[in-house]
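Everything below concerns the one structure shown next.
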Amino acid sequence: MPAAPTPASRFLAAIWGALGGDEAWLNRVEISGQGDLPSAFAVTDLAAASVGAAALAIAERMASATSHPPRVVVDRRLASLWFGFSLKPQGWTLPPVWDPIAGDYPAADGWIRLHTNAARHREAALAALGCGGERDAVAAAVRGARADELEAAIVARGGCAAVMRSLAAWADHPQGRTVAAEPLVLIDKREPVVAAKRPIDPSRPLAGVRVLDLTRILAGPVATRFLAAYGADVLRLDPPVWEEPSVAPEVTLGKRCARLDLKDAGGRARFLALLAEADVIVHGYRPGALDALGLGEVERRRARPGLVDVSLDAYGWSGPWAGRRGFDSLVQMSAGVAAEGMRRFGKDKPTPLPVQALDHATGYFLAAAAVRGLTERATSGAASSRRLSLARVAALLANEPIEANAPFAAVDEGDFAPEIESTDWGPARRFRPPAAVDGAPMLWARPACRLGAAPPTW
């Protein structure tokens, strides 16, 4: 008798089906280990399934160059650990993850989360509140405001905030209904183009693949980190003054990082020259943002016919919030995840997931989408665009509540790979890879580096 479906197997089938993968490949994946991250939802199953989907896309790509279809084994414990921070500094310390005033605040009629890590988002929140930047002053100002009105005022100023809504309230919200109706992956295939066939090295199945990374915190960088692990040449491009001090050591692993000002004519020309030699672009700009710079999809395809174009946004690609700025922690508030955690565990404040699972899961989905795009292009010549959103991944997770958690044991030395990574900040260790694909080890040729450490060249 076949084994009963598990949350992990259901997630994997949903992801692989949304990517257009052949269902027969699902039998090539084994998820090993026991235990769960503490959550009201099946977060560990989502971690294992999303890593598994990305690794399965690698195995599928390798199949044309191997005598036997490779198998994939995912360690659910390690997959869960990689959904947090994979890096353990040796003799140095990572900066704080959050700005001093970022966080959840009680308003006059509910809870609201302020996301203020970027200076412009902090300024927008303080302007809407009409107060100084001390946390006590912010808390007092929020207590006197209605949550919905404050959210709208901050968003109108270009900031980032989210009212805590229940699962039911989000399901009834115009954006919640829109997101629920969207597919998990929006795929748009283009007319085939003539492309030179590149031999695949089964031990480094993405060797020779050039990836332009225009993403920032956090899903996109997770995706391109995964692609680099299998040999892709990833070039990350950031604006001149952008920094991510708390996460750059985590997500620049395996990449080269350069700066380019896309608001400048010279920067755009250089970008198009880089794009002309790329195979994949991964970007996380809000809908219409690249179009406003003259770098919309038409221009990208003109520069590089056959491009695999992969993108993400926060709140979905249609509906009234399609252009809204957002991050994992905000989507958890909007989409009912934090409220359900609060209800389920009897807490007196928003209770989000134990890790930024929407970001990480979406990152692996993006990586799988990119690899499947390359595989399909190799067989049919078809270019494609593939779009995902954090809110749609939240909807997938919300359908898998979990009644009981079987906690993992505490992290110990056995969870880390033995190698020392010489990052730009100092030596560090990483968790062992969360997945194994027959014949293709997950490894990175470059240590984590500072943003802007390389020139914008291939």
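Any read-out appearing in this document is the output of simple, stated calculations on the displayed coordinates, not a laboratory observation. Note that the coordinates shown come from a computational prediction; the quantities given were computed from them, not determined experimentally. Virtual Cβ from ideal backbone geometry, glycine too; neighbours counted across all protein chains shown.
Kirkwood analysis of the chain, using all unique Cα-Cα pairs, places the hydrodynamic radius at 22.5 Å. Once the other residues with Cβ under 9 Å from the Cβ of PRO350 are scored (Lys, Arg +1; Asp, Glu -1), what is the net sum? That works out to +2. Counting only lysines at least 8 places from LYS189 when in the same chain, those with an alpha carbon closer than 21 Å to its own are LYS197. The packing ranking, built from the mean of other Cβ atoms within 10 Å per residue, places the peptides 206-212, 414-420, 445-451 in the order 206-212, 445-451, 414-420, highest first. In the chain, a dipole from Cβ-located charges (positive for Lys and Arg, negative for Asp and Glu) runs towards its positive end, and of ALA448, TRP317, ALA258 it is ALA258 whose Cα lies farthest in that direction.
Would you work out the charge dipole size for the chain about its Cα centre, treating the Cβ of every Lys and Arg as +1 and the Cβ of every Asp and Glu as -1, and quote it to the nearest 20 debye?
My answer is approximately 860 debye.
The ranking of ARG324, ARG270 by Cβ neighbour count inside 10 Å, starting from the fewest, reads ARG270, ARG324. DSSP beta bridges confined to region 303-458 are antiparallel in about 45 percent of cases.
Among beta bridges from DSSP that stay inside the chain, the antiparallel ones total about 50%. The ranking of LEU46, LEU114, LEU353 from fewest to most other beta carbons within 10 Å of each one's beta carbon is LEU353, LEU114, LEU46.
Each other residue within a Cβ distance under 13 Å of ALA127 adds +1 if Lys or Arg and -1 if Asp or Glu, for a net charge of +2. Across every direction, the projection of the convex hull enclosing the Cα atoms of region 75-226 has a mean area of 15.2 nm². Which parts of region 244-270 would a label at ARG450 reach, counting a residue when its backbone N lies under 18 Å from a point 7 Å out along Cα-to-Cβ? Residues 244-260 fall inside that zone. Using just its DSSP H runs of length 4 or more, each adding -39500 (n - 2.57), the chain gives a mean residue ellipticity at 222 nm of -10500 deg cm²/dmol after division by all residues.
For the peptides 275-287, 381-393, 61-73, what is the packing order when you average, over each peptide's residues, the other Cβ atoms within 10 Å and list the highest mean first? Provide the component values of the computation, followed by the final result.
On the way: 275-287: 20.2, 381-393: 24.2, 61-73: 16.5.
Most protected by this proxy first, the peptides run 381-393, 275-287, 61-73.
Helices of the chain meeting both criteria, an alpha-carbon length of 20 angstrom or more along the long axis and an average Kyte-Doolittle score not below 0.5, with helices taken as full DSSP H segments, are 43-62.
Summing charges over all other residues whose Cβ lies under 12 Å from the Cβ of LEU290, with Lys and Arg as +1 and Asp and Glu as -1, gives -1.
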